[in-house]
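Report on the following structure.
Each reported figure results from applying straightforward, stated rules to the coordinates on display, with no laboratory input. Computed from a prediction, not measured in an experiment: that's the story for all the values here. No Cβ is skipped: glycine too gets one built from the backbone with ideal geometry, and neighbour counts run over all protein chains shown.
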Amino acid sequence: MKICVIGSGYVGLITACGFAKLGHQVVCVDIDRKKVELINNAKPPIYEEGLDALLSEVVGKNLRATTDLASAISNSELVFITVGTPSKKDGSIDLSHVEKAFLEAVSAIPRDSNPFKIIAIKSTVVPGTTDSLAERAEEKTGKKAGTDYGLCMNPEFLREGKAIEDFFNPGRIVLGVPDGDKKTAKKMRELYCDFKCPIVTVNPTTAEMVKYASNSFLATKVSFSNEIGNLCKKLGIDTYKVMDAVGLDKRIGRQFLNSGIGYGGSCFPKDVKALIAAFKKNGIAPKILTAVVETNELQPSKLMELAKRKTNLKGKKVAVLGLAFKPESDDMREAPSVAIINSLLAEGAKVMVYDPQAMANAKKIFGERVEYASDLNDALSFSDVVFLLTEWAEFKDDAALKLYAGKMVFDGRKVLGKKSEGNYEGICW
């Protein structure tokens, strides 16, 4: 199939490379000429495990990038929209990029197009958005979804750091197709026919809610685990042992029950807040989700409270290890490390940071307010105090363990896995 992917960010690039690997002819469209150039030279504009090798395999064979949207659409059967939906101040999402891309896509599709073209939205949008976009596009172009083009809401469920694995081995595929549009449903099922997972076909609004409900539930598991962990800390209980046993219950599962300094990234914070805004817009008080956000926003301060009880941070040389919100990612969006580093600076600490992948992003955030280590040894040689904030494997391998000797260590992710004794303190254990 000939596929156009509008937006070459995290979701768009993984989607494009994945389908290209499966033998489809894919073109990425982006307004950022630098990104387009990087992709065409098989250089990933983002970090994701395995992406460099995958990009090198498909570029020039089944994948190319361009800034020419009209041409890309005219030569495609399926158009994926994967542009960003950033948060507004009130927590609701900014749909302007999606609206612009959708209208441009519809405008570029000729009437009575042969073959029949489909526009599939992968951007995360609140329930009702896809249908609303189609209505507005019809008002402006006269083209009707289901007649002049196919419409589908096809949410993504990619984990940063494991996105390529998730693309090829999804737990489920959700197709949100308007009732009665059998042509679009059939073609989308054909696209995914070789994937070994359940394919759920619902209407677009239901598909949109599936995405929000999934991410909000996982965020709730994280905040629940952190609340239990905060009590475990007071009672001298290792919360990881508790959650290991709790997670054996098949109704619950062990994933997303690791207590620590809270969730971050591009999805959970934004999606939970957007769903809260949708609740409020419809006159419903989202008590559980509000508590999830409040718990998560307070959690990084728990590690700071532990540190301040143990030592006076003013003038201390502090190494912050781990800046990305999770390992195998360079993403610092909503990362707990940002709040903790700002708090350390406010306490008068001298901060040096290190992360295997996120240093470039850290420099955009902190500038010259912190020092940047060249490697793990450099960071630990500098420091009296260590904050462990991302569970990168290199922080806990045998070669690294001896480097922590004699230092005060505050662990936000159970990186070292030690008990809270001596110069080591864990946030929830």
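Which of rounded, prolate or oblate describes the stretch 310-400 when judged by the alpha-carbon gyration tensor and an a/c cut-off of 1.5?
oblate
Cα-based Rg (one decimal) and Dmax (whole number) for the stretch 215-426, in Å?
17.3, 56
Students often get this wrong, so check it: of Lys221/Lys270; Lys317/Lys363; Lys233/Lys273; Lys308/Lys414; Lys162/Lys221; Lys144/Lys187, which have C-alpha atoms separated by over 26 Å?
Over 26 Å apart, Cα to Cα: Lys233/Lys273.
What list of whole percents do you get for P(r) of the stretch 2-202, with Cα-Cα distances grouped in 10 Å bins up to the one holding the largest distance?
9, 37, 39, 15, 1
At 0.36 nm per residue, and after removing the present C-alpha to C-alpha distance, how many nm does the segment from Val246 to Lys196 gain when stretched out fully?
Full extension from Val246 to Lys196 adds 15.1 nm.
How many nm separate the modelled label positions at Lys308 and Ala360, each set 7 Å beyond the Cα in the direction of the Cβ?
Rounded to a tenth, the inter-label distance reads 3.6 nm.
Could you tell me whether the stretch 30-88 comes out rounded, prolate or oblate from its Cα gyration tensor? Rule is a ≥ b ≥ c as square roots of the eigenvalues, rounded for a/c under 1.5, then prolate if a/b exceeds b/c, otherwise oblate.
oblate
Restricting to Cα atoms and excluding each atom paired with itself, what does the Kirkwood estimate give for the chain in Å?
Evaluated over the chain, this radius sits at 23.2 Å.
Quick check of the Kirkwood formula: for the stretch 219-331, what is the inverse mean of 1/r over all pairs of different Cα atoms, in Å?
Taking every pair of different Cα atoms in the stretch 219-331, averaging 1/r and inverting gives 16.0 Å.
For each of Cys197, Cys152, count neighbouring Cβ atoms within 10 Å of the residue's Cβ, then give the residues from fewest to most.
Least crowded to most crowded, the residues run Cys197, Cys152.
Among Asn282, Asn154, Asn203, determine the one that fluctuates most according to a GNM of the chain built with springs between C-alpha atoms less than 10 Å apart.
Asn282
Among rounded, prolate and oblate, which fits the stretch 213-260 when a ≥ b ≥ c are the square roots of the eigenvalues of its C-alpha gyration tensor, a/c under 1.5 means rounded, and a/b larger than b/c means prolate?
oblate
Can you tell me which of Leu175, Leu191, Leu133 moves the most in a GNM of the chain? Springs connect C-alpha atoms under 10 Å apart.
Maximum among the listed residues: Leu191.
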